[in-house]
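These notes are about the structure you will find just below.
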Amino acid sequence: MKVFKDEQFDGERALYGLDGVQVLNCKFDGPADGESAMKEAKNIEVNDSYFNLRYPFWHNDNVTVNNCNLTELCRAAFWYSNDIKIYNTKMHGIKALRECENIKILDCDIKSPEFGWDNENIMMMNSQCDAEYFMMRSKKLTFDNVYMTGKYSFQYIEDSTFTNCNFDTKDAFWYAKNITVKDCIVKGEYLAWYCENVTFENCTIEGTQPLCYCKNLKLINCKMINCDTS
């Protein structure tokens, strides 16, 4: 495995196409303003590093990112990639995760509009998120202890489970299919319209006009607050 430690990279495709890379305490930043640092690479381990440039992880396989800072200028960080593990990391750039498969996100801080579109098989635990259009059109989501704020979340998602989460959102779960939400707090003005096969169990639901035009909807031991026109 090739090791890069305590280095700075700002060139275009700085570590392009490598197989077997360990990156330790490095910076991807600088006047050359190059993008796509690790495009088309695989078997990557990145620890304690700083990303301030665009598109660092595109078309990658087997990526582990731990204790890193992806700034608001690090836009579209993970696209078209498979087998991604992200631990204890800040993802603050727009569109940070899109069209990826097999993703594990643990103990992360996410501030990323349009985060998580068109992905499949995401496990997220012990994380906080601030995003608009969060997880749109994604499938097979498994969330536990996730705190999320934003608007228009979980639209068109399928085959997903959420437990012990707190969602403060709007227009959440529109057109969602085959979803279980358990032991959660869900605030949403227009919650789960046009959904199908959705179950809320032991949940607190707050907000006007939830649960309209639903098919096969189940509410089990739920509390509804300020739901004046549901």
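Summary of computed values
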item: Counting all C-alpha pairs of segment 162-224, share separated by more than 21 Å (%); result: 4
item: Rounded if a/c under 1.5, otherwise prolate or oblate - segment 1-114, Cα gyration tensor axes; result: rounded
item: Accessible area per residue in Å² at 1.4 Å probe, computed on segment 1-101; result: 45
item: Carbon plus sulfur fraction of accessible area for the chain, probe 1.4 Å, in percent; result: 40
item: Lysine pair number, Cα distance threshold 16 Å (strictly under), segment 124-230, separation 8 or more or different chains; result: 11
item: Size of segment 81-163 as Cα extents on the principal axes (Å, biggest first); result: 26, 26, 26
item: Cα gyration tensor category, rounded, prolate or oblate, for segment 127-184 with a/c compared to 1.5; result: oblate
item: Evaluated over the chain, the Cα radius of gyration and Dmax, each in Å; result: 18.8, 60
item: Taking the chain and dividing mean pair separation by its residue count, relative contact order in percent (alpha carbons under 8 Å, at least six apart); result: 9
item: Environment charge of ASN145, counting only residues whose C-beta is closer than 11 Å and scoring Lys/Arg +1, Asp/Glu -1; result: -3
item: Computed over segment 152-229: relative contact order in percent, which uses C-alpha pairs under 8 Å that are six or more apart; result: 25
item: Residue-count net charge about CYS203 - beta-carbon cut-off 14 Å; Lys, Arg +1, Asp, Glu -1; result: 0
item: Cα-based shape type of segment 1-58, given that a ≥ b ≥ c are square roots of the gyration tensor eigenvalues and the cut on a/c is 1.5; result: oblate
item: Computed over segment 42-140: relative contact order in percent, which uses C-alpha pairs under 8 Å that are six or more apart; result: 20
item: Counting DSSP beta bridges with both ends in segment 155-227, the antiparallel % (nearest 5); result: 0
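The values are calculated or read from the model by the stated rules, or taken from the named source; none is laboratory data. A quick note: this is a predicted structure, and the numbers were derived from the prediction, not measured. Reconstructed Cβ throughout: ideal geometry from the backbone, glycine too, with neighbour counts over all protein chains shown. Remember, those area values only see protein heavy atoms, side chains included, never the ligands or the DNA or RNA. Shrake-Rupley method; radii C 1.70, N 1.55, O 1.52, S 1.80 Å.
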